[in-house]
Amino acid sequence: MKPVILLTGKNGQVGGELLRLLPQLCEVVALGRDQLDLAKPDDIRQTIREVRPQLIVNAAAYTLVDQAETDETTAQVVNEQAPGLMASEAKKIGAVLLHYSTDYVFNGVKRAPYDETDSANPLNVYGKTKFAGEQAIRSSGVSHLIFRTAWVYATRGRNFLLTVLRLATEREELRIVSDQVGSPTCAADLAVATCKVLAGISERNRGQFVFSELCGTYHMSAAGQTTWCDFAKTILEEAKAVQHAPRWLADAAKGRRFIARGVTPISTEEFQAPTRRPAYSVLSNSRLMRAFGVALPDWHSQLQHCFISDDPVANATANRGVV
């Protein structure tokens, strides 16, 4: 019988791209928030017991970093309690769990890429609840893979890429934080890398998803690093250089021309964000490469491929930096 994957968050940035690829591996039951609300524990139990998947891929999360500061209860339920419940239910039926976490589990004091063995010390509610979700999964005893990623964006949804493009049609000057360093990661490249990992596991185990000695936490983000300010500058450069604008770019601009003349760097203090964020959250992906032979392309290459067409998964697959 063909294995079944239960995918949560199918309408999200990462979940939407995974839904394009996972059916190539096996049967997929994909659910969005309207079908499975992670804030409802009973619904999680019932769904897992009815579907009885071999693998649960949890691509859903509470990701509103600023809002989490005043809505801690919901963030805790979705980011901590729900993954823990998925893990315990998965263990009961002999399933395995793949879960996404974040670079925001670190405080940003380190000035070299963070390894999986570095101590977590999150600065905000979002990071704290995501790390608590990791701990809940580990303590459950379920066989699992936790992929920490960073600065995720896509050509749809709500993210930094689309915000910059929108603001560039409204303002002549963009003021962007320049003292936070990270690795912008395209959701499509993240999905491609995830599916390469799963395909390799399946091939080695005759079509089954068996994590065994590979069980654990891995960093999965774009190579290289930049600041939010330089990321914004590069976004505008790519947008202005494109000769045949893909549909998503036209939608982001809403038919308006770009009027932004430049990007002015500002400090985190000047920006006055309501939430503390790590000043440095670059992740080392070496463990992922050693274990699975998978490495994501550098952040600039990922961004360039977004401007090629309206098929981000095809772009990411063609980007040979993913091996």
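The values are calculated or read from the model by the stated rules, or taken from the named source; none is laboratory data. Here the structure is a predicted model, which means the values were calculated and not measured. Here Cβ is always computed from backbone atoms with ideal geometry, including for glycine, and neighbour counts include all displayed protein chains.
Got a sec? Which of 163, 149 is among the polar types (S, T, N, Q), surrounded by 22 or more Cβ atoms within 10 Å (Cβ to Cβ) and either in contact with a strand residue (DSSP E or B) (Cβ under 6 Å, 6 or more places away or on another chain) or at pLDDT 95 or above (or both)? Before the answer, list the steps.
Values: 163 fails: surrounded by 22 or more Cβ atoms within 10 Å (Cβ to Cβ).
Of 163, 149, the one residue that is among the polar types (S, T, N, Q), surrounded by 22 or more Cβ atoms within 10 Å (Cβ to Cβ) and either in contact with a strand residue (DSSP E or B) (Cβ under 6 Å, 6 or more places away or on another chain) or at pLDDT 95 or above (or both) is 149.
Quick one: which helices (runs of 4 or more DSSP H) sit completely within region 220-323 and have at least 2 residues that are at pLDDT below 95 and touching a Ser or Thr at 6+ places or on another chain (Cβ under 7 Å)?
Numbers: elements: 228-241, 247-253, 268-271, 286-292, 299-306, 312-318.
Because the criterion is at least 2 residues that are at pLDDT below 95 and touching a Ser or Thr at 6+ places or on another chain (Cβ under 7 Å), the helices (runs of 4 or more DSSP H) in region 220-323 that meet it are 247-253, 312-318.
Out of all the residues in region 175-182, is one or more among the charged types (D, E, K, R) and surrounded by fewer than 16 Cβ atoms within 10 Å (Cβ to Cβ)?
yes
Being assigned to a loop (DSSP other than H, G, I, E, B), of a type outside the set (Asp, Glu) and under 14 Å from residue 130 (Cα atoms) is the filter here, so list the residues in region 61-74 that pass it.
61, 62, 63, 64
Tell me whether region 59-73 contains one or more residues that are in contact with a strand residue (DSSP E or B) (Cβ under 6 Å, 6 or more places away or on another chain) and either among the β-branched types (Val, Ile, Thr) or surrounded by fewer than 21 Cβ atoms within 10 Å (Cβ to Cβ) (or both).
no
Select from region 213-237 the residues that are closer than 30 Å to residue 261 by Cα and acidic (Asp, Glu) and write down the one among them that is nearest to the chain's Cα centre (by Cα).
230
So which pairs qualify, if the first residue must be in region 33-57 and without any contact (Cβ under 8 Å) to a residue 12 or more places away in the chain, the second must be in a loop (DSSP other than H, G, I, E, B) and among the charged types (D, E, K, R), the Cβ gap must be under 7 Å, and the two must be at least 6 apart or on different chains?
These pairs meet every condition: 43/37.
Counting only residues that are among the acidic types (Asp, Glu) and touching a Phe, Trp or Tyr at 6+ places or on another chain (Cβ under 9 Å), how many does region 98-136 have? Walk me through how you get there before you give the answer.
So the first thing to find is which residues in region 98-136 are among the acidic types (Asp, Glu), and the list is 103, 115-116, 118, 134.
Checking the rest, the ones that are also touching a Phe, Trp or Tyr at 6+ places or on another chain (Cβ under 9 Å) come to 103, 116, 118.
Matching residues across region 98-136 total 3.
With 37, 115 as the choices, which residue is at pLDDT 95 or above, surrounded by fewer than 22 Cβ atoms within 10 Å (Cβ to Cβ) and either among the acidic types (Asp, Glu) or within 16 Å of the chain's Cα centre (by Cα) (or both)?
On inspection, the qualifying residue turns out to be 115.
Identify, please: which residue in region 1-31 is more than 16 Å from the chain's Cα centre (by Cα) and closer than 23 Å to residue 75 by Cβ and is, among those, surrounded by the fewest Cβ atoms within 10 Å (Cβ to Cβ)?
The extreme case among them is 31.
Which condition breaks for residue 35 when tested against (1) under 23 Å from residue 180 (Cβ atoms); (2) of a type outside the set (Asp, Glu); (3) part of a loop (DSSP other than H, G, I, E, B)?
Every condition holds for residue 35 apart from (1).
From the list 156, 175, 148, exactly one residue is more than 30 Å from residue 53 (Cα to Cα) and among the basic types (Lys, Arg). Which is it?
Within the list 156, 175, 148, the selection yields 175.
Would you call residue 226 among the polar types (S, T, N, Q), over 24 Å from residue 267 (Cα atoms) and touching a residue at least 40 places away in the same chain (Cβ under 8 Å)?
On the way: among the polar types (S, T, N, Q): yes; over 24 Å from residue 267 (Cα atoms): no; touching a residue at least 40 places away in the same chain (Cβ under 8 Å): yes.
Answer is no for this residue.
Specify which of the listed residues (232, 273, 253) is surrounded by fewer than 18 Cβ atoms within 10 Å (Cβ to Cβ), more than 12 Å from residue 169 (Cα to Cα), in contact (Cβ under 8 Å) with a residue 24 or more places away in the chain and among the small types (Gly, Ala, Ser).
Matching residue, one of 232, 273, 253: 273.
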